[in-house]
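Every read-out reported here was derived from the displayed coordinates using simple, explicitly stated rules and does not represent laboratory data. Quantities reported herein were computed from a predicted structural model and do not represent experimental measurements. Methodologically, a virtual Cβ is constructed for each residue, glycine included, from the backbone with ideal geometry; neighbour enumeration extends over all protein chains shown.
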Amino acid sequence: MSDTDLKPRRLSFIDAGKIIPPMNLEVIVADHCNITCRQCNHASPIMKKWNATVEETEHSLGLLAEVYHCKKLRLIGGEPLLNPNIVDLIKIAKRSGIGDVVQLTTNGMFLDRLPDEGWVDLDEIEISLYEISKLSDAKIEELRRKGKRFGTKVNVSRYPNFRMTFSSQKAESTSLVEDIWSACKMANVWGCHALRQGRLYRCPQSIYVPGFTGGQLEEEGFKISDGPTLQEDLLRFLNAPGPLKSCAHCVGSCGKQVQQAGLDRRAWKADLDVPFRDMIDFELMEKSKTAIQLIDDCRQPVKPPRKAKRILQKVRALWAG
């Protein structure tokens, strides 16, 4: 299947002088994480410790904001709260005006460490709950209450499963890679653009494939630099046909489901040594080629308890005390 056959593919476009992506921009502020999830699609368990700097992030977002605007700017990792300058990075993201909403995406385990001034400048916090993170219901409700106090929306989602993402074994045929590309929601529907260390990527996974295939992380990124053709060049890059080079080691949004679990670094890398074909959910892949709204990302939103239930919880807590 050729790239021109993709129906539909959502492209970036220019409106009011700015590039408008299909959805959001992810700003990678840390590669490492405090937990090691199997099939982490940012490859955090095998990444070296790295933190985005205040100076470089401010410079890149400043240039990008001149030509690009998104619905939501997401500060993400790894675990973003491991960056010691996270408050400054939040302020920079807010000040840039590049997104209508500024969101922090975190496993929530270190949210107690985020100073109040960080909460103030966030529109949303997205907490991803994993079995290995052990975040209690009481702690979640405490964080929701804190969010209300600062006007920060706190969304919580549970992930009992992940989808397989990476294979260290290269896909055996170009036609299979093209099928994965044509079905990938990240590439063709969500437009998961990612900014890391001054380069913009068409999806986060394209950053991290070189980390376990022997390449350089910067391979598939577009360097953000000042110049009269920045917007034109960037739009051409974002809307260019695929597949990407990294697609030969990534099954996109069509991987088989596996139970969410923690693996050490050696076991995590060994877990990728599976034939490319064996990682694919072929039924999902075929449906995804034509069903633009089909979403199966293993996310289970956790709603706040009803008022009556909260009162009962408080009563029980008082009795327990």
Item to complete: May I have the count of lysine pairs in segment 47-142 with C-alpha atoms under 29 Å apart, counting pairs 8 or more residues apart or located on different chains?
Response: 17
Discussion item. Suppose we keep just the DSSP beta bridges with both residues in segment 40-199; what percent of those would be antiparallel, to 5?
Written reply: 5 percent
Worksheet item: Given 90, 111, 50, which one lies farthest toward the positive end of the charge dipole of segment 27-154, if we put +1 on the Cβ of every Lys and Arg and -1 on the Cβ of every Asp and Glu?
Response: 111
Item to complete: Take peptides 299-306, 280-287, 202-209 and line them up by average Cβ neighbours within 10 Å, highest first, as a rough protection proxy.
Response: 202-209, 280-287, 299-306
Worksheet item: According to a simple spin-label model (label point 7 Å from Cα along Cα-to-Cβ), what is the distance in nm between residue 218 and residue 48?
Response: 1.4 nm
Discussion item. Based only on other Cβ atoms within 10 Å, what is the fewest-to-most ordering of 276, 166, 13?
Written reply: 13, 276, 166
Fill in: Potential lengthening between residue 267 and residue 66 on full extension [0.36 nm per residue; Cα-Cα distance subtracted]
68.0 nm
Discussion item. Rounded to the nearest 20 debye, what is the charge dipole size of the chain about its Cα centre when +1 sits on each Lys and Arg Cβ and -1 on each Asp and Glu Cβ?
Written reply: 1540 debye
Worksheet entry | Net length gained if the chain between residue 55 and residue 257 were fully extended (0.36 nm per residue, minus Cα distance) | 68.8 nm
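What is the sum of charges, Lys and Arg at +1 and Asp and Glu at -1, for the other residues whose Cβ falls under 10 Å from the Cβ of residue 223? Let's see the in-between values first.
Values: positive: 199; negative: 218, 233.
Net of charged neighbours comes to -1.
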Item to complete: Calculate how many DSSP beta bridges within segment 122-213 are antiparallel, expressed in % of all such bridges and rounded to the nearest 5.
Response: 35 percent
Item to complete: Any chance you could give the angle, 0 to 90 degrees and rounded to 10, that helix 174-183 forms with the longest Cα principal axis of the chain?
Response: 40 degrees
Discussion item. Need one number: % antiparallel among DSSP beta bridges in the chain, to the nearest 5.
Written reply: 40 percent
Discussion item. Compute the helix-to-body angle for 137-150: its Cα long axis versus the longest principal axis of the chain, expressed 0 to 90° and rounded to tens.
Written reply: 90 degrees
Discussion item. Counting only helical runs of four or more DSSP H residues, what would the 222 nm mean residue ellipticity of the chain come to if each run contributes -39,500 (n - 2.57) and the total is spread over all its residues?
Written reply: -8500 deg cm²/dmol
Fill in: Crossing angle, helix 54-65 versus the chain [Cα axis fit, 0-90 degrees, rounded to tens]
60 degrees
